[in-house]
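Input: a single structure, listed below in structure tokens.
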Amino acid sequence: MYLEITTKLRDALAKHIRVKYGVQLHIVLERPPKIELGEAASPVCFELAKRLKKAPRQIAQEIQNGLPAVPGITRLEVAGAGYLNAYFDRGVFWEAAWDEAARAIPQGLKPGEVVPTDVGPKGPTTKREAAAPAKTGKDRQKWLSHKIIVEHTSINPNKAAHIGHVRNAVLGDTMARTLRQAGRNVQVQNYIDNTGVQVADVVIGFLHMEKRTPVTVKTLAMEPRFDYYCWDLYAKATQFLAEDKEQATKLRGETLRAIEEGRGEEAEVGQVVADAVVSCHLQTMARLGIFYELLARESEILHSHFWDLAFAKLKDLGVIQFVRYGKMAGCWIMPWKEENSGINTAGTESAEGTETTEDENTQDKIIVRSNGTVTYVGKDIAYQLWKFGLLGKDFHYAKWPNTPEGEEVWATTSGANDPKAPPFGAAAKTVYNVIDARQAYLQDVVAQGLRGLGHAEAAENSIHLSYEIVALTPRCAAEMGYELTPEEAKKPYVEVSGRKGFGVKADDLIDQLEAAAHAEVQQRHADMSVEEQKRTAHAIAVGALRFFLLKFTRNAIIAFDFADALSFEGETGPYCQYAVVRIRGIRRKGAEAGTTRVAMAPETAQKLLAGGEGNGLWEVLLAAGSLDYAVDATIGAREPAFVAKYAFQLAQAFNNFYHKHHILSEADEQKHAFLLGLTELVETQLVRALHLMGIDAPEKM
RNA sequence: GCGCCUGUAGCUCAGAUGGAUAGAGCAUUAGCCUCCGGAGCUAAGGGUCGGGGGUUCGAACCCCUCCAGGCGCGCCA
């Protein structure tokens, strides 16, 4: 609601200023520091003052008098040195907020996912008129239908998921849910690098260290938590390979090649391992409410000759060059220039593969190795082209066999195409790649490749949703039995290492959170059935973990500590969930007591929200009505942390209100009805906000 | 060496697109259960926004410079 009104205000101001002063300006709107100063303010007159050579206050005065009425806004005032402060019509806002909440279809749900039914009542008991619907029109509809791909998780399928992977998945999942909430057409994909060195190392572990056969590996892979087994084996294999560098290079090379070409025991074991571990990851993520539409596997990028096609294009357009002499002799490289506005120099000459690059530039990125194999970047360019529908080729698809209960997931396949598969190959307009910040350079190279191929728009719409790593505090690392060097002990954090097998596994952490939450629930609700206790504890655990990973902005390094992550107090998921539980408690209690709830008179809300005495209630209502604003900011800044911030602030506003007003015992019937209505509005909005983060609020906790 | 990121309260972090008296949580201290659930609420203390220049009516935010820390720059991904 807040967004709707401020958008109208912004448009009105822009139009008025254009007409009256002949100046085209971007109108900045901000939230005033205090509620007494109104709900939205613009410093635009300061900017105008410069251009018009007039005092800002005078201009503000003129605009205040001249601006036509804006729906939802009662008045404008000039404040300070020349601010224009807008005051909302609180009664209208109340009606409109209710209307918006009531017609909100819980989006961000995947097909088959159950809509939470208990999200508040039907609406206010009075209705004036529906708020002006958001701009409809064909253009908007078309824009909304544009396909967006969100690719996240993308864990190497050779070990269990750890806390850092969970951050990736939670960010991606929340972004996807938020985009869907905004009405966008989103498809979630998970990239599976099933042919890389990481899988090869585990294959070496099975075949060379443990001397297993494909059959025994297959049996082992059916055991629960096979990913944990691989976690340890991967660490052992890394150590084993580090002992003899020469042999390691040879062994890795041979294994990798066999896997890529899909031949021999290596390929067989590689596939078994990768598929089994992916299924484990799906289970882990399902515990957190994270699902995927498509698993895009690297093996199919190779087998379907995606790369060959992209390679030809890259050569034809001279985006990559063949190196004849020097360190990189025999490689195909993409030149990396300081001003890489595009690659247009010497391109055509080198297309034949006969040109040399004279000066060795270490920044140049190798795309094809001298042995003819393609690097990750090359494959990623091909893959990215496919996402935008620019490759002219599509995968075959089949249902993934081992999905979490009740879920349907598709995967690319080298086998026959299932004609019932959704149109995954449809071109996307925007692609979000959730990848950690360390890979920024590689993502730049991929984008540069797209630009070089003449797809500047695709490069522009390839969004690297980068985020910083999750590390451990030294104390936490020590607790886990990691031996710290003196330097490490002094640092604020210690990096985890999959290769060393050092890190907090996702399932272990969720288990711990569930246990801690369960103990708490047991203590508070001894009468609750064990099953319900567990369900509740699960919701709390998920709430705590997801919120914890979301409350930091993307480029903050999270120094993980069990004490922080297991906390249920303060700025946490459970705090927000608790606010919802309180509201439901009130509603339950009210229903039990059979208190009658009278219809609200049309002027009740207006009256109770008015003036200084109404400010407390108004702030709660304003917070509840600002979800659209939070969603907009989240998408605009690509910052899922904003959702967490919003949910926390709303919960906080409610808790404050809760302690000031005793709702059920309110003697004034009209006020009672209003307080109850406000409470229910908060519930609806808070539940929606939590849902964007994949957090459910239990009935009791 | 080149590129990117970070530096805000004792600690962990918000302050998107430059705006009014820089905000939360944790920790500390003092209060609040005859009343809808205390995973809560109220209040207090705590800041040279790393230092220094500059641009601007206005800078935590933009520019320059220095300092400190991190990451990337591999025929790994």
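Values as computed for the structure displayed
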item: Estimated Rh, the range A:15-59: Kirkwood, alpha-carbon pairs, angstrom; result: 11.5 Å
item: For the range A:476-563, convex hull of alpha carbons as volume per residue, Å³; result: 119 Å³
item: When each of A:250/A:327; A:34/A:589; A:142/A:387 is checked by Cα-Cα distance, pairs over 27 Å; result: A:34/A:589
item: Note, ³J(HN,Hα) from phi for the range A:481-488, Karplus 6.51, -1.76, 1.60, rounded to Hz, x at Gly and Pro; result: x, 8, 7, 8, 7, x, 5, 4
item: Value in Å of the Kirkwood radius, where chain A supplies the Cα pairs that are averaged; result: 28.4 Å
item: Helix A:90-103 vs. chain A, principal-axis angle (Cα, 0 to 90°, nearest 10); result: 40 degrees
item: Two-site FRET efficiency, residue A:329 against residue A:219, from Cβ-Cβ distance with R₀ of 41 Å, rounded to 0.05; result: 0.30
item: Helix A:440-452 vs. chain A, principal-axis angle (Cα, 0 to 90°, nearest 10); result: 80 degrees
item: Crossing angle, helix A:376-387 versus chain A [Cα axis fit, 0-90 degrees, rounded to tens]; result: 50 degrees
item: Prolate/oblate/rounded call for the range A:442-523, Cα gyration tensor, a/c under 1.5 rounded; result: oblate
item: Qualifying trypsin sites (Lys or Arg not before Pro) for the range A:656-701 [loop in DSSP, other Cβ within 10 Å: at most 16]; result: A:700
item: Shape call, the range A:193-274: gyration tensor on alpha carbons, a/c limit 1.5; result: oblate
item: Dimensions (Å) - the range A:248-326, Cα atoms, principal axes, largest first; result: 52, 31, 23
item: For the range A:159-176, Karplus couplings with θ = phi - 60° (6.51, -1.76, 1.60), whole Hz, Gly/Pro x; result: 6, 5, 6, 10, 4, x, 5, 5, 4, 4, 5, 5, 4, x, 5, 5, 4, 4
item: MRE, 222 nm, helices only [DSSP H, n ≥ 4, -39500 (n - 2.57), over chain A, to nearest 500]; result: -16000 deg cm²/dmol
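Bear in mind that the values in this text are calculations on the coordinates, not laboratory data. Quantities reported herein were computed from a predicted structural model and do not represent experimental measurements. FYI the Cβ positions are ideal-geometry reconstructions off the backbone, even for glycines, and counts take in every protein chain you see.
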